[in-house]
Amino acid sequence: MPATVQGRRRDGAASPAPAGAASGRTLQVDVVRVIAWLLFVATMLIIWVSVTPFRDLSDAALLQPSDSGNILNQIGYSVLGGGMIVFAALTNPPVFRILARPIYLITIAWFGLSALASPDPVLSVKRLALTVIVIVLAGLALTLPASVRNFAQWLVGLVLLVLAVSYIGVAFAPGVSIHNAYDLVEPELAGDWRGLFRHKNTTGFMMVMFIFIGLFVARVHSVVTGWSIVGLSVVFLFCTGAKTSMLLLPVVLTLTWMCERLRGGAVRALVALSLLTLINLATVGSVVSEPIKDLFNRLLPDASFTGRTDIWAFAVENIAKRPVLGHGFATFWRTGHVMFDNDEAGGQDEKGYFNANQAANAHNGYLDIALQTGLFGLVLTLLWVVVMPLRDFAKAWDDPPSRELGHLFFRIWLFGINFACLESVLFDPVGPLWFMMLMSMFGLRLISRYRIAP
């Protein structure tokens with residue numbers, strides 16, 4: 001969401017001024033705009049591309065516990081977060097209101113308690129701090145473009161850059177841009193394109209994000225450019241073999257189309273959350289309920305969801321061990337005490353979890369939050385990630401200039417909450433989908449409260 005929430009709030013109060021207009025007292029407007037563009041580009045690139053693009057998946061370090069973070073990530077995010085906060089404080093202080101929603105603060109506070117109760121509180125607090133920085137970056141990045149059209153223009157350059165580099169990688173460096181038999185983790189994915197990203201699933205959902213952005217660009221900036229982005233992204237998505245993304249894309253577009261035309265908040269909510277409910281029943285529900293398991297065993301060709309049910313069963317058992325504060329924010333999977341401690345692993349050999357304790361995550365974002373921060377943490381997450389954006393969405397269509405932006409944010413959000421049923425993307429401090437979901441949730445809130453400059 002661009003910072004150009006101009007005019008007055010829907011309730012009549014003054015809205016945050018555009019970053020460029022507010023900066024005239026201290027800096028020249030053109031200098032401010034250049035700084036804003038640099039901050040936006042740097043933020044999007046470090047989130048989308050990371051500091052280690054084209055990762056060599058034959059690196060033995062990938063098999064080691066991830067008990068420490070990436071120092072380059074920590075430095076890069078910290079510098080960008082600090083720079084973004086200083087820039088916003090100097091040019092447009094009112095934008096900090098978008099980060100002050102009570103549910104955000106309560107959730108972070110609860111996660112902090114969980115981090116302190118973690119078996120490794122230092123690591124957990126570090127990862128929570130990085131997560132908070134990413135949340136701040138997502139909220140403030142929306143305030144940098146000068147208009148909806150400017151927002152589209154900046155996204156065009158970034159998306160085309162990532163697509164071009166990914167296609168060039170496939171053509172000239174397939175060893176680090178296509179999964180191959182030498183990968184130490186999941187060599188069975190050989191042949192699936194991943195571009196500059198680490199895994200084909202990441203590439204898959206990023207191509208979906210680019211498709212949504214292309215549709216947005218075609219409506220507010222350039223039809224040719226927008227549909228070119230859509231075409232390039234569809235081809236790459238098909239070559240990734242990312243089944244979840246390919247299946248969710250048409251469903252999300254259909255649900256969005258339906259929600260745009262329905263009247264009544266309750267009906268919209270039922271339609272928007274129908275898929276989320278169904279997927280969770282089919283996945284986690286099949287682990288905790290035998291009747292549901294039997295039903296989906298009859299309906300689906302692979303009711304194990306490519307082996308995920310073993311991981312979900314392992315996660316559910318460990319949630320029951322620490323249901324209040326959980327096992328610590330972001331300090332369960334791929335840590336030494338889980339990977340190598342048979343007691344903590346839930347007796348994988350006796351109970352048939354098939355090395356579930358070696359998994360990188362629970363392959364379900366909601367299950368992972370309950371595992372890490374307890375059941376109350378899950379409730380807070382559902383309020384933040386599902387309930388509040390849906391409430392904001394109901395108010396987002398009144399103002400025509402905001403409508404196309406609202407379509408973009410709603411599509412990203414709807415895709416994200418459903419994708420999280422099969423992958424652990426929620427509150428992932430280095431996850432590009434979580435970052436895009438954050439931007440969309442903040443964006444829906446701003447659209448619901450302010451009138452947007454086209």
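In terms of surrounding Cβ atoms within a 10 Å radius of their Cβ, Ile133, Ile103, Ile98 rank from fewest to most as Ile103, Ile133, Ile98. In plain terms, if you count all Cα to Cα distances in the stretch 183-274 and split them into 5 Å steps from zero, the share in each step is 3, 13, 19, 17, 16, 14, 9, 5, 3, 1, 0 percent. Protection proxy ranking, highest mean first, for peptides 373-380, 217-224: 373-380, 217-224, where packing is the per-residue count of other beta-carbon atoms within 10 Å, averaged. Using a Förster distance of 35 angstrom, determine the FRET efficiency expected from the C-beta separation of Glu260 and Val165, and round it to 0.05. For R0 = 35 Å, the calculated efficiency reads 0.55. When each of the peptides 83-94, 107-118 is scored by the mean number of other C-beta atoms lying within 10 Å of its residues, the order from highest to lowest reads 107-118, 83-94.
Taking a Cβ cut-off of under 14 Å around Trp434, the surrounding Lys, Arg, Asp and Glu residues balance to a net charge of -2, with basic ones at +1 and acidic ones at -1. Put simply, the stretch 168-237 fits an ellipsoid with semi-axes of 28, 11, 7 Å; these come from the alpha carbon gyration tensor as the roots of five times its eigenvalues, largest first.
Direction-averaged projected area, Cα convex hull, the stretch 55-213: 11.8 nm², rounded to one decimal.
Along its first, second and third principal axes, ordered by size, the stretch 101-155 spans 47, 23, 10 Å in Cα coordinates. Summing charges over all other residues whose Cβ lies under 15 Å from the Cβ of Gly139, with Lys and Arg as +1 and Asp and Glu as -1, gives +3. Computed from the C-beta positions of Glu290 and Leu72 and an R0 of 30 Å, the FRET efficiency is 0.05 to the nearest 0.05.
Any read-out appearing in this document is the output of simple, stated calculations on the displayed coordinates, not a laboratory observation. Note that the structure is predicted; figures quoted are calculated from it, not measured. Quick reminder, even Gly has a Cβ in these numbers, built from the backbone with ideal geometry, and neighbours come from all protein chains shown.
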